[in-house]
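If you scroll down you'll find the structure; I have some questions about it.
The values are calculated or read from the model by the stated rules, or taken from the named source; none is laboratory data. This is a predicted model, so every value here is computed, not measured. FYI the Cβ positions are ideal-geometry reconstructions off the backbone, even for glycines, and counts take in every protein chain you see. Ligands, DNA and RNA are stripped out before the accessible areas are found, and what is left, the full protein with its side chains, is counted by its heavy atoms. Shrake-Rupley method; radii C 1.70, N 1.55, O 1.52, S 1.80 Å.
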Amino acid sequence: MNKQGTIVRWDADRGFGFVRSPATDTDVFFHIRDYRGGSTSPAEGLPVRFEEIHVGGKGPRAMAVMPLDYVDPRRPEPPPVEAPGRSAGRRRGPPPPHVVAEMRAMLMLVPAYLALLVWSAWSQRVPVPVVLAAPLLSVLTFYLYWRDKFAAQRGAWRTPENVLHVASLVGGWPGAWFAQRLLRHKSSKQAFRQVYWGTVAAHWLALLLWLYSAPAR
């Protein structure tokens, strides 16, 4: 069965990864030997088409995985891709528990952060230009995520993960989270998410300590 999706996990050292498709309930495993992409290497965020098979009881597996714009010389005309219809949308299960927890946390953190910034500017504990720069940091961080995903799709130079984490640490953490969810980039990499939430906690701690020690003017 021919489908399309996006690579959401890729382990280059071990040579395997997973593809997420709206037409399949679970992420689909694939091995490097089943990948056909010419000069384009597998990467997280890369849109692909593939053939889904089921072997034994081990779950779905992707064969003939290739980028959407890649023409296999052994198959000049790509097979038609199954378009996800309403039935596929109904089969899609609820978001994972960690996504629900993160959404609830953001619904509290972002409004609280904005209120805290407004109060700090009103009480003159933080200069107004610094407060006004906070939304710009989120916009810049969102752009860094977008550019990294764009580069991953084309096999270009990637933005180092440390740069993304530093952008979150200095105040771009709201934009980073929205980029992870809207762009579906770095959202399935558990180690990355753990460091990201560490930057959120560190930024809040530093801000609260600063506000506590800074006298009102």
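Please list the non-local residues whose amide H lies under 5 Å from the amide H of residue 46, H modeled 1.01 Å from N, same-chain partners needing a gap of 5 or more.
Sorted by chain and number, the residues that satisfy this are 7.
What is the pair-distance distribution P(r) of region 168-217, computed from all Cα-Cα distances in 10 Å bins starting at 0, with each bin given as a whole percent?
Cα pair-distance distribution for region 168-217, in percent: 25, 43, 20, 10, 2.
Under 29 Å from the Cα of residue 58, which lysines turn up, not counting those fewer than eight places away in the same chain?
Output for residue 58: 3, 186, 189.
Another one. What is the distance in Å between the Cα centroid of region 23-51 and that of region 143-215?
So the separation of the two Cα centres works out to 25 Å.
With springs only between Cα atoms under 10 Å apart, run a GNM on the chain and tell me which of 139, 55, 131 wobbles the most.
So, out of 139, 55, 131, the one fluctuating most is 55.
Quick one: which residues, 5 or more positions from residue 15 or on another chain, have an amide H under 5 Å from its amide H? H modelled 1.01 Å from N in the peptide plane, none for Pro or chain starts.
none
In the calculated pair distance distribution of region 1-48, what percentage of Cα-Cα distances lie above 11 Å? Could the numbers behind the result be given before it?
Values: 742 of 1128 pairs.
The share of Cα pairs beyond 11 Å in region 1-48 comes to 66 percent.
To continue, here is another question. Please report the carbon-and-sulfur percent of the accessible area for region 146-211; probe 1.4 Å, protein heavy atoms only, DNA, RNA and ligands left out. Please report the intermediate quantities before stating the final value.
Numbers: 2260 of 3300 Å².
Accessible surface attributable to carbon and sulfur in region 146-211 totals 69 percent.
Under the classification rounded if a/c is under 1.5, otherwise prolate if a/b is larger than b/c and oblate if not, where does region 132-217 fall, given a ≥ b ≥ c as square roots of the Cα gyration tensor eigenvalues?
Details: a/c = 2.81, a/b = 2.03, b/c = 1.38.
Prolate shape, in that a/c is at least 1.5 and a/b is the bigger ratio.
Could you check which residue among 60, 129, 42 shows the biggest mean-square fluctuation in a GNM of the chain with a 10 Å Cα cutoff?
The residue with the greatest mean-square fluctuation here is 129.
In the Gaussian network model of the chain, springs joining C-alpha atoms below 10 Å, which of 61, 147, 14 carries the largest mean-square fluctuation?
It is 14.
Now for a different question. Taking the chain as the reference, fit the longest principal axis to its C-alpha atoms, fit the long axis of helix 128-154 to the helix C-alpha atoms, and give the angle between the two in degrees, 0 to 90, nearest 10.
10
Taking the Cα centre as origin and putting +1 on Lys and Arg beta-carbons and -1 on Asp and Glu beta-carbons, what dipole magnitude results for the chain, to the nearest 20 debye? Mind dumping the intermediate values first?
Values: 27 positive and 15 negative charges, 52 e Å.
In debye, rounded to 20, the chain gives about 240.
Right, here's the next one. Taking a probe of 1.4 Å, how large is the accessible area per residue of the chain, in Å²? Provide the component values of the computation, followed by the final result.
Details: 12720 Å² over 217 residues.
Value for the chain: 59 Å² per residue.
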